[in-house]
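Heads up: the structure comes next, in structure tokens.
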Amino acid sequence: MPLDLKTYIRDVPDFPKPGILFRDITPLLRDPDALRDTIEQLAAKCEEWSIDAIAGIESRGFVFATALAVRMGLGLIPVRKPGKLPHQTFQQKYELEYGTDAVEVHQDATRDGESVLMVDDLLATGGTMGAACQVIEKCGGRVVGCLFVIELGALGGRERLPDVPTESLIHY
């Protein structure tokens, strides 16, 4: 029987600034049974999808995407903040509450038509994941799904994502 992963998430009020309730995954990462079960639950969510590669978003998304890629016998595509990748990149900018940010992937990160599963730890407003999906498509990948450990439903992030299956393990 799967673990109740919500019990491994710590609420941290007023972080990183007053009025924000931060959902801290470090207790889940620290517990080997909870971490293992998280990866198994993520793998179960995407059993029906045909996937060639997994893209993980910097930084906490790397943790889950890497473990899931190993579990599924697939390669990993790192989606990073600007200036972190050493080779030629494609970049996609996106809007934040106050300003803009961007994500990048290597231009050769995917092959034309390759099916890519997008993985991150948390879905909030959807800006980062939406941009990550766009940048994967710029280099020829085809996004087949978005997968999260936690979803903050009240922030409406799901609506900003492409029309692909989107799954989350924990909903707030």
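The values are calculated or read from the model by the stated rules, or taken from the named source; none is laboratory data. Here the structure is a predicted model, which means the values were calculated and not measured. Note that we place each Cβ from the backbone using ideal geometry, even for glycine, and neighbour counts take in every protein chain shown.
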Just to be sure before I move on: is Ala154 of a type outside the set (Phe, Trp, Tyr), buried (at least 24 other Cβ atoms within 10 Å of the Cβ) and assigned to a helix (DSSP H, G or I) in the structure I sent?
no
May I ask you to verify whether Leu122 is assigned to a strand (DSSP E or B), farther than 21 Å from Asp101 by Cβ, at pLDDT 95 or above and not hydroxyl-bearing (Ser, Thr, Tyr)?
no
Could you list, in sequence order, the residues of region 8-27 that are surrounded by 10 or more Cβ atoms within 10 Å (Cβ to Cβ), without any contact (Cβ under 8 Å) to a residue 24 or more places away in the chain and either in a loop (DSSP other than H, G, I, E, B) or out of contact with any Asp or Glu (no Cβ under 8 Å at 6 or more places or on another chain) (or both)?
Asp14, Phe15, Ile20, Thr26, Pro27
Out of curiosity, is Arg142 free of Cβ contacts under 8 Å to residues at least 60 places away in the same chain, of a type in the set (Lys, Arg) and touching a strand residue (DSSP E or B) at 6+ places or on another chain (Cβ under 8 Å)?
yes
From the residues in region 44-93 that are of a type in the set (Ser, Thr, Tyr) and under 23 Å from Leu29 (Cα atoms), which one is nearest to the chain's Cα centre (by Cα)?
Ser59
